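Below is one structure; the comments refer to it alone.
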Amino acid sequence: MIMKHFIAKTAFLAVLASQSFAEEIITVPFDGTFDDATFAVESAIVGQGLVIDYVSHVGDMLNRTGADVGSAKQIFSSADIFIFCSAKISREVMEADPMNIGFCPYGIFVAEDDGGVMVGYRSYPEGPMEKVETLLSGIVEEAVGN
C-alpha cells in the first residue's frame, strides 16, 4: 500500500515538474479593438473545426472584484480566455503520455491593457505537447492576420 502511494505521489510530482517547464506566455499584439480580436480568435478556433467549450471573462471578474479584495488597480480593461480541446491532438499527446491530461483543455486569451490588445497562449514542454503549441500558434497567427 505504501508503495502505491509513493508511485502515485511520484507521478503527481512528475506532472507538476513538467508543467513548471511550461511557464512562458506567448503574446502577439493585435492591431484592432478587443471585440475585433475576440471575434478573430473565435473564428480561427471554429475554423479549425474545434468547439469552444467555454469563454472565461477574466477581465470582467478582475474589474468586478478588485474593491472586494482591497485593490483599486485595473489589470486589464478587458480579458477573455477561450477554452477548447482538439480530440485528435489530445488523443495523440495522451497516447504518448497519459499524464498530458494535465494540460487539457487548451486556452487562448485576448486581453487589453494600456499597451493595447494582445492575443496569447501558454507554452508547453518539448515532446508530444509541441503539437498543441503548434495548433495554438497557428490559431493565433490566423487571428492576428500573420
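The values are calculated or read from the model by the stated rules, or taken from the named source; none is laboratory data. Since the structure is predicted, the reported quantities are computational estimates derived from the model, not experimental observations. Heads up, the Cβs are rebuilt from the backbone with ideal geometry, glycines too, and the neighbour counts pull from every protein chain shown.
Observations
- Just one of the listed residues (Val93, Val119) is of a type outside the set (Lys, Arg), modelled with pLDDT of 95 or more, closer than 21 Å to Val28 by Cα and buried (at least 20 other Cβ atoms within 10 Å of the Cβ), and it is Val119.
- Sole residue being buried (at least 18 other Cβ atoms within 10 Å of the Cβ) and either farther than 24 Å from Glu24 by Cα or over 16 Å from the mean Cα position of the chain (by Cα) (or both), chosen from Phe76, Phe39, Phe84: Phe76
- The set of residues in segment 96-114 that are in contact with a strand residue (DSSP E or B) (Cβ under 8 Å, 6 or more places away or on another chain), under 16 Å from Asp35 (Cα atoms) and surrounded by fewer than 21 Cβ atoms within 10 Å (Cβ to Cβ) contains only Glu112.
- One residue stands out in segment 70-126 among those that are without any contact (Cβ under 8 Å) to a residue 60 or more places away in the chain and of a type in the set (Val, Ile, Thr): the one that is farthest from Val46 (Cα to Cα), namely Ile75.
- Residues in segment 48-73 that are among the charged types (D, E, K, R), farther than 17 Å from Phe34 by Cα and more than 13 Å from the chain's Cα centre (by Cα): Arg64, Asp68, Lys73.
- Yes/no for Ser90 being farther than 22 Å from Gly138 by Cβ and hydroxyl-bearing (Ser, Thr, Tyr): no
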